[in-house]
1. Under 6 Å between Cβ atoms, at least 6 apart or on separate chains: pull out the pairs that start in region 34-56 with a residue that is over 24 Å from MET1 (Cα atoms) and end on any residue that is more than 15 Å from the ligand (Cβ to nearest atom) and among the basic types (Lys, Arg).
2. Just for region 157-171: of the residues that are touching a residue at least 40 places away in the same chain (Cβ under 8 Å) and not small (Gly, Ala, Ser), which one is surrounded by the fewest Cβ atoms within 10 Å (Cβ to Cβ)?
3. Give the residues of region 108-136 that are within 13 Å of the ligand (Cβ to nearest atom), over 21 Å from LYS21 (Cβ atoms) and of a type outside the set (A, V, I, L, M, F, W, C), sorted by residue number.
4. Look at PRO91 and say whether it is touching a residue at least 60 places away in the same chain (Cβ under 8 Å) and either out of contact with any strand residue (DSSP E or B) (no Cβ under 6 Å at 6 or more places or on another chain) or not basic (Lys, Arg) (or both).
5. Among the numbered criteria (1) in a helix (DSSP H, G or I); (2) closer than 27 Å to ARG167 by Cβ; (3) away from the ligand (no atom under 16 Å from the Cβ), which single criterion is violated by ALA36?
6. Can ILE96 be described as more than 10 Å from the ligand (Cβ to nearest atom) and closer than 23 Å to THR181 by Cβ?
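Since every read-out is calculated from the coordinates, none of them should be taken as a lab result. Everything numeric here is computed off the predicted structure, so don't read it as measured data. Note that each Cβ is placed from the backbone with ideal geometry, even for glycine, and that neighbours are counted across all protein chains shown.
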Amino acid sequence: MSVLKGKTILVGVTGSVAAYKACELVSRLMDCGAHAKVVMTESAMKFVTPLTFESLTGEQAVTDLWTRTALYGSTVHISLAQSVDCAIIAPATANIIGKMRCGICDDVLNCILCAIQKPVIIAPAMNEAMYKNVVVQDNIAELKKRKILFIEPEEGKLACGVSGKGRLAETKIILNFLADTLKSC
Ligand SMILES: Cc1cc2nc3c(=O)[nH]c(=O)nc-3n(C[C@H](O)[C@H](O)[C@H](O)COP(=O)(O)O)c2cc1C
């Protein structure tokens, strides 16, 4: 994992029960010597708190497009899009995948995804029926054509109580994918 050392990685967290796994991902990135910049959607904050990520990274998680900060100035979405080496959205909801496909920019994470010119990796997590929904699959296929990278969700027990395909990929798989992506940049 030495390729992760010194790299700045934007970790986007969206509104899924699997958001708690983003805490482990961020912690592992910090252990590897990477700088994790966490950006959360409003829904993500229903599942985990910005304070958790602040404790793990030593930096405030970005949750708002409108707040001017000393670190990023008034255009946090552009500052972050330009300063990171790559972005990983984990977990990624069906909602953010759809918004990304359409270029919707109604929160800070979606604005960053519109402005970023570095590799973007999406790790979806959702109920199997949502994942297999024809619109979601069409959105994924279209984003793949635009060079957005995807980490397949796994089969297993889902938060809704049933088993199926939709579990967020394991942290070690996400870390390996990130390392391979950064190697080939
Ligand atoms: C308990 C609960 C769990 C949810 N889990 C997921 C999920 O795993 N994947 C998903 O795509 N949506 C899930 N949703 C729905 C999203 O939270 C919802 O679509 C939300 O608008 C996503 O916003 P965001 O993409 O801005 O984070 C869940 C909702 C609830 C109430």
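1. none
2. Filtering region 157-171 for residues touching a residue at least 40 places away in the same chain (Cβ under 8 Å) gives 159, 166-169, 171.
Of the ones still in play, those that are also not small (Gly, Ala, Ser) are 167-168, 171.
Working: ARG167: 22, LEU168: 27, THR171: 19.
Among them, the one singled out is THR171.
3. Correct list: ASN110, LYS132, ASN133.
4. Values: touching a residue at least 60 places away in the same chain (Cβ under 8 Å): yes; either out of contact with any strand residue (DSSP E or B) (no Cβ under 6 Å at 6 or more places or on another chain) or not basic (Lys, Arg) (or both): yes.
In short, yes.
5. Checking ALA36 against (1) in a helix (DSSP H, G or I); (2) closer than 27 Å to ARG167 by Cβ; (3) away from the ligand (no atom under 16 Å from the Cβ), the one that fails is (1).
6. Details: more than 10 Å from the ligand (Cβ to nearest atom): no; closer than 23 Å to THR181 by Cβ: yes.
When the stated conditions are applied, ILE96 does not pass them.
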